[in-house]
Number of protein chains: 2
Amino acid sequence: MHGIVLFAHGARDPEWAKPFEAIRDVVRRKRPEYPIALAYLEAMDPPLEGAIASLVQEGASSITVFPLFMAQGGHLKQDLPRILEAIRASHPHVPIAQESALGDSPELLEAIATWVLARIE
Amino acid sequence: MHGIVLFAHGARDPEWAKPFEAIRDVVRRKRPEYPIALAYLEAMDPPLEGAIASLVQEGASSITVFPLFMAQGGHLKQDLPRILEAIRASHPHVPIAQESALGDSPELLEAIATWVLARIE
């Protein structure tokens, strides 16, 4: 069973989490068979380690972490790989993959450009 | 003539800007008639004030600022309105509107959920 983590930056404002919760809910509605969890780098709970432990407990035998960040900077190039390395040591039998940023997807860039133009036309 | 600002957080890593540059290029390709500029809250140039001054100089008579942030937190609720208030005082004849975050768009949330599932299936 493959698990999905949606990984976001986190913020002090609790409303900040709403879009990420909404994405989780859409994925869950489309494919209820995948265990899915949100996780945050800072300021919000759970951190990545807790989210992955929950998915493993639910029976996930492999996991993909999707960073819901627009672009790759220090958080995705340094922080996330470092955090994942420590987590992999705690779950040696569960392969954990790191996906690229939202902004690395040409379809999503196109969707955002379309959204921009729809708002002014 | 309506101007478009794509407003992003900014980061120390210069590669971080690539997705935002790509979105600007897609919008420009689709609608070359709109003056468009990137702007950053911190760590990258130009800041919002410079981007808006350029668009006004290019002849924009109204401007929409699109925050390319996933969610609304302190940056969009406090920092951006405060910055815009000061900029509006410098351009009293140019209406400047602030759009909502990417994550407030149900279509974009759906597109992100679809992207997540496409990557694991």
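The values are calculated or read from the model by the stated rules, or taken from the named source; none is laboratory data. Everything quoted here is computed from the prediction, not taken from an experiment. So basically every Cβ, Gly included, is an ideal-geometry build from the backbone, and we count neighbours across all protein chains shown. With ligands, DNA and RNA removed, areas are computed over all heavy atoms of the protein, side chains included. Shrake-Rupley method; radii C 1.70, N 1.55, O 1.52, S 1.80 Å.
Values for this structure:
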{"quantity": "Search result, residues across the stretch A:54-74 that are in contact (Cβ under 8 Å) with a residue 40 or more places away in the chain and in contact with an Asp or Glu (Cβ under 9 Å, 6 or more places away or on another chain)", "calculated": "A:THR64, A:VAL65, A:PHE66, A:PRO67"}
{"quantity": "Check on A:TYR34, more than 10 Å from chain B (Cβ to nearest Cβ) and either among the hydroxyl-bearing types (Ser, Thr, Tyr) or in contact with a Ser or Thr (Cβ under 6 Å, 6 or more places away or on another chain) (or both)", "calculated": "no"}
{"quantity": "From A:ALA53, A:ALA118, residue being out of contact with any strand residue (DSSP E or B) (no Cβ under 8 Å at 6 or more places or on another chain), open to solvent by 60 Å² or more (accessible area, probe 1.4 Å), more than 7 Å from every other protein chain (Cβ to nearest Cβ) and small (Gly, Ala, Ser)", "calculated": "A:ALA118"}
{"quantity": "Count of the stretch B:21-50 residues which are open to solvent by less than 10 Å² (accessible area, probe 1.4 Å) and more than 24 Å from B:ARG88 (Cα to Cα)", "calculated": "2"}
{"quantity": "Hits in the stretch B:1-31 - residues which are more than 7 Å from every other protein chain (Cβ to nearest Cβ), over 12 Å from the mean Cα position of the chain (by Cα) and within 18 Å of B:ALA97 (Cα to Cα)", "calculated": "B:MET1"}
{"quantity": "Whichever residue in the stretch B:56-108 is more than 26 Å from B:MET1 (Cβ to Cβ) and more than 10 Å from every other protein chain (Cβ to nearest Cβ) and, among such residues, is most open to solvent (accessible area, probe 1.4 Å)", "calculated": "B:ARG82"}
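Yes/no matrix, rows are residues, columns are (1) small (Gly, Ala, Ser); (2) within 25 Å of A:LEU38 (Cβ to Cβ):
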residue: B:LEU38; (1), (2): no, no
residue: B:ASP45; (1), (2): no, no
residue: B:GLU49; (1), (2): no, no
residue: B:ILE52; (1), (2): no, no
residue: B:ALA60; (1), (2): yes, no
residue: B:PHE69; (1), (2): no, yes
residue: B:ILE87; (1), (2): no, no
residue: B:LEU108; (1), (2): no, yes
